[in-house]
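To start, the structure itself, in structure tokens.
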Amino acid sequence: MHIVSVAFGFVIGLMLGLLGGGGSILTVPIFVYVLGFGAKESIAMSLAVVGATSLVGAAGHWRLGHVKIQVALVFGVIAMLGTYIGTRLATRLTGAEQLAIFALALVVAAGVMLSRRRTDVAHIPAGSPGPSSSSFALIAARALIVGLLTGLVGIGGGFLIVPALVWSGLAMRQATGTSLMAIAMNCAVGFFGYSGQVQIAWVPMALVAAGTIPGVATGTYAMQFISQDALRRVFAVFLFGLAAYMLYTTVPPLL
């Protein structure tokens, strides 16, 4: 089981490094369906794993000049407020209800990934100063939604953060690196919000996290060689299937 935990952790990190998101979308189901933990415990541990991994990934992107600190701070602070609200709302939900919401979020994430096109285009210069002031309203709205999702069901929100940053003027690689920094900030608030409510299984969580670190390093390096459009399409199809399975297992008991 230890090897399985590390192996799945590597996959989580790989997705974070390649896409700037998607790690938490895999982490919660892995803790629930593979490692056998309850929903609330899985959400809490997912936040710790994805937060730590995102921080490592952000450091790698920062060394490559892909992180816009100002944008990450603005997005992260607003998202942290949403996360705090989400953790408070989560106390009113059962684990099954949270997993059902999580599954619906997977459908949205898959739809967003399928609708995106390659955005790292020539007219966005590598030295772009980042989004204009008029774009921060979009960033703030997305940040609040991402924070609420993080607090409610443990989703870091990279699938929403990255397109929001791209549409506001960042190149794809800058959006990916900036997203990872914002996710790390967001997950830290979420984890501390849950840590007093559930019992954390520190060893399995540490093993999964240990696998994510080489995974995110590999993904950060490999993103320059892999078609992200093709990867997103394949990942989106996988998410639709995972969402269907989660709804099949969680909705009937709620009816």
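Before moving on, here are some points about what is shown:
- In a reduced charge model with +1 at each Lys and Arg Cβ and -1 at each Asp and Glu Cβ, the chain shows a dipole moment near 360 debye about its Cα centre.
- Each peptide among 190-196, 176-182 gets the average number of other Cβ atoms lying within 10 Å of its residues, and from highest to lowest they stand as 176-182, 190-196.
- Accessible area, probe 1.4 Å, largest first, for residues HIS66, HIS2: HIS2, HIS66
- The separation of region 147-178 from region 181-255, counted between C-alpha centres, amounts to 14 Å.
- Three semi-axes describe the equivalent ellipsoid of region 181-255; taken as square roots of 5 times the Cα gyration tensor eigenvalues and ordered largest first, they are 27, 24, 12 Å.
- Matching label, mean projected area of the Cα convex hull in nm² computed from the structure shown, candidates (1) 16.0; (2) 12.3; (3) 17.7: (2)
- Two-site FRET efficiency, VAL203 against ALA137, from Cβ-Cβ distance with R₀ of 41 Å, rounded to 0.05: 0.40
- Base-10 log of normalised Debye intensity for region 1-106 (one unit scatterer per alpha-carbon) at q = 0.10, 0.11, 0.15 Å⁻¹: -0.32, -0.39, -0.72
- Order by protection proxy (mean Cβ within 10 Å, highest first), peptides 228-235, 41-48: 41-48, 228-235
- Zone residues, region 138-163, relative to LEU104, backbone N less than 17 Å from point 7 Å out along Cα-to-Cβ: 145-155
- Separation in nanometres of the label points that stand 7 Å from Cα toward Cβ, at ARG92 and PHE238: 3.5
- Added length on full extension, which subtracts the Cα-Cα distance from 0.36 nm per residue, ASP229 to ILE213: 3.4 nm
- Ranked by how many other beta carbons lie within 10 Å on average, peptides 99-106, 241-248 from highest: 99-106, 241-248
The values are calculated or read from the model by the stated rules, or taken from the named source; none is laboratory data. Since this is a predicted model, take the numbers as computed values, not measurements. Counting neighbours? That spans all protein chains shown, and the Cβs are built from the backbone with ideal geometry, glycine included. Ligands, DNA and RNA are excluded from the accessible area calculation, which covers all protein heavy atoms including side chains. Shrake-Rupley method; radii C 1.70, N 1.55, O 1.52, S 1.80 Å.
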